[in-house]
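The values are calculated or read from the model by the stated rules, or taken from the named source; none is laboratory data. Model, not experiment: these values are computed from the prediction. With ideal geometry, Cβ positions are generated from the backbone for all residues, glycine too; neighbour counts draw on all protein chains shown. Please note that ligands, DNA and RNA were not included when accessible areas were found on the heavy atoms of the full protein model with its side chains. Shrake-Rupley method; radii C 1.70, N 1.55, O 1.52, S 1.80 Å.
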Amino acid sequence: MGWFFLKVLTAVLSFFGFLYPLVDFHFSGKSGGQKPNFVIILADDMGWGDLGANWAETKHTANLDKMAAEGMRFADFHAAASTCSPSRASLLTGRLGLRNGVTHNFAVTSVGGLPLTETTLAEVLQQTGYVTGMIGKWHLGHHGLYHPNFRGFDHYFGIPYSNDMGCTDDPGYNHPPCPACPPRSGPLRNPERACYTDVALPLYEDLTIVEQPVNLSSLAQKYAEKATQFIQHASAIGRPFLLYVGLAHMHVPLSVTRPSADLPARKLYAASLQEMDSVVGQIKDQVDRTAKENTLLWFMGDNGPWAQKCELAGSMGPFTGLWQTRQGGSPAKQTTWEGGHRVPALAYWPSRVPVNITSTALLSVLDIFPTVVALAQASLPKDRHLDGLDISEVLFGRSETGHRVLFHPNSGAAGEYGALNTVRLEQYKAFFVTGGAEACDGSVGPEQHHKLPLIFNLEDDAAECVPLDSGSSEYQAVFPEIRRVLTGVLQDISDDNVSRADYTQDPSATPCCNPHQVACRCQTL
């Protein structure tokens, strides 16, 4: 209880600035060298095949492609889960959902969030002198102490969850379309499927809602401006910084700065992709102007594309999950097929990360936490196990050794939330449970449990089309090792210090700046 109270008190004092002098003293006395800065940019629902540097057929990511040419591209990089909250929780803790407690998404009415017993990357760096900022989508709890300002971030500007979890006056492009928020004096509309009409999407600056509903068409540029301001401020005061940017792109509703109703869906997606690429370019340009030689910029996706959204969804590239598509349903977001969790990823750090290199190491979002902590010369939490690796040697081009084994948790398509029913072992991938997410045509592949898992050799079959014959020598050679590593991780988790997320919902937890207005309207920007 004493440790928890100290952690909360530290977060509160740090937010209001009282700890800055103490932090500066601690940092200046720790090391004579300059600590590196970190910019982590997380795209939402972007497909592996959307990135031009991944040999996409059409190229709409000029800035990201340039970043790849000036840095390192990761060809076998994976989300830690294939839906929003679990993926973000793993990025900030280096732990799978069965350890950190976050196995599925939090709601608009969620009372809880990422458990307060979990230590975030921002908290670790904040205590070693870093100024920390979070811009964009949070989706790890917005109520009370689950807000980003109490989870290690000195500054926050963004939306508390996905950009479709609230109505707006400019609803953008969705499938099916969602209506705009009701006017100030108008009645609430009957909600349409998967649409919110009774509460508007809020925009926070630190603890204050500054706009509700947020203007989605100007949100991307606001994010770019806030990110560049943060980098400028941190550099001006001489502090190392961590900036975490959770972009709304490419999650529906798609909203571009200059929308055009006569654009077909694929061109709307391309325009939105270009807008996202422009935001990344503006952030990279600011890094280059301000702290180029001492900043690691890391770009990655949170999960695969949301195929249910049809032409408004991204491309899985060659990772099409053909075995699953034959059963029905989508093999993308929410699934453990490659299209659901193999994501685009790039790293850029002039003079440190080699130029124009493609790494084929098996890597994960889980690796962000231990790698950044190591580069910052900070200490990992000692009372819990991590699932990520310090991949500094891969980043600097001195190794191609990543994970030998990765575990992909069920994320909503089939099986129990968070369960480890899919195992990647070197080039092999085993499914103990299969099932598709909803596809564009409305089909959902049936949940199937496999006593003898389906095993694919991804070197020969990236599309996961034909599993190995269970009687073959190749299957018989790899299956016992898959069973052994799975048994081992489950035992390790059972022996670990694990957290449990509170998924309780209460309407009073809904972010609302003005409960007396229809849809909680307010405007302070």
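When S315, S82 are compared by accessible area of protein heavy atoms, the largest-first order is S315, S82, using a 1.4 Å probe.
Ordering Y475, Y173 by accessible surface, largest first, gives Y173, Y475; the 1.4 Å probe counts only protein heavy atoms, with every chain in place. Rounded to the nearest whole Hz, the Karplus-based 3J(HN,Hα) values (6.51 cos²θ - 1.76 cosθ + 1.60, θ = phi - 60°) of the stretch 156-167 follow the sequence 9, 8, x, 9, x, 7, 5, 6, 9, 9, x, 7, with x at glycine and proline.
When you count the other C-beta atoms within 10 angstrom of each residue and take the mean per peptide, 106-113, 239-246, 65-72 line up highest first as 239-246, 106-113, 65-72. Determine the calculated [θ] at 222 nm for the chain from helices alone, applying -39500 (n - 2.57) to every DSSP H run no shorter than 4 residues and normalising by the residue count; nearest 500 deg cm²/dmol. Helix contribution divided over all residues of the chain: -8500 deg cm²/dmol.
Antiparallel DSSP bridges in the chain: what percent, to the nearest 5? Roughly 55 percent of the DSSP beta bridges within the chain come out antiparallel.
Protection proxy ranking for 212-219, 341-348, using the average of other Cβ atoms within 10 Å per residue and placing the highest first: 341-348, 212-219. If you sort the three axes of the alpha carbon gyration tensor as a ≥ b ≥ c, you get a/c of 1.5 or more for the stretch 263-305 and a/b no higher than b/c, which makes it oblate. If you look at the Cα atoms of the chain, you get an Rg and a Dmax of 22.0, 71 Å. In the complete set of protein chains, residue-level accessible area for C178 is approximately 40 Å², probe 1.4 angstrom.
By the Cβ distance rule of under 4.7 Å, the chain has these cysteines without a partner: C84, C465. Rounded to the nearest 0.05, the FRET efficiency derived from the C-beta distance between Q274 and V466 at R0 = 45 Å is 0.75.
The amide H of D387, built 1.01 Å from its N in the peptide plane, has R95, L96 as neighbours under 5 Å, considering only residues 5 or more places off or on other chains.
Note on E426: accessible area approximately 90 square angstrom, rounded to 10, probe 1.4 Å, nucleic acids and ligands left out. Rounded to the nearest Hz, the phi-derived 3J(HN,Hα) couplings of the stretch 415-423 under the Karplus curve 6.51 cos²θ - 1.76 cosθ + 1.60 (θ = phi - 60°) are x, 6, 3, x, 5, 9, 9, 10, 10, where x marks glycine and proline. Counting charges near N215 (Lys, Arg +1; Asp, Glu -1) among other residues having Cβ under 12 Å from its Cβ returns a value of -2. Summary of packing: across the peptides 153-164, 354-365, the per-residue average of other C-beta atoms within 10 Å ranks them, highest first, as 153-164, 354-365. Mean sequence separation of contacting Cα pairs (under 8 Å, at least six apart), scaled by the length of the chain, corresponds to a relative contact order of 24 percent.
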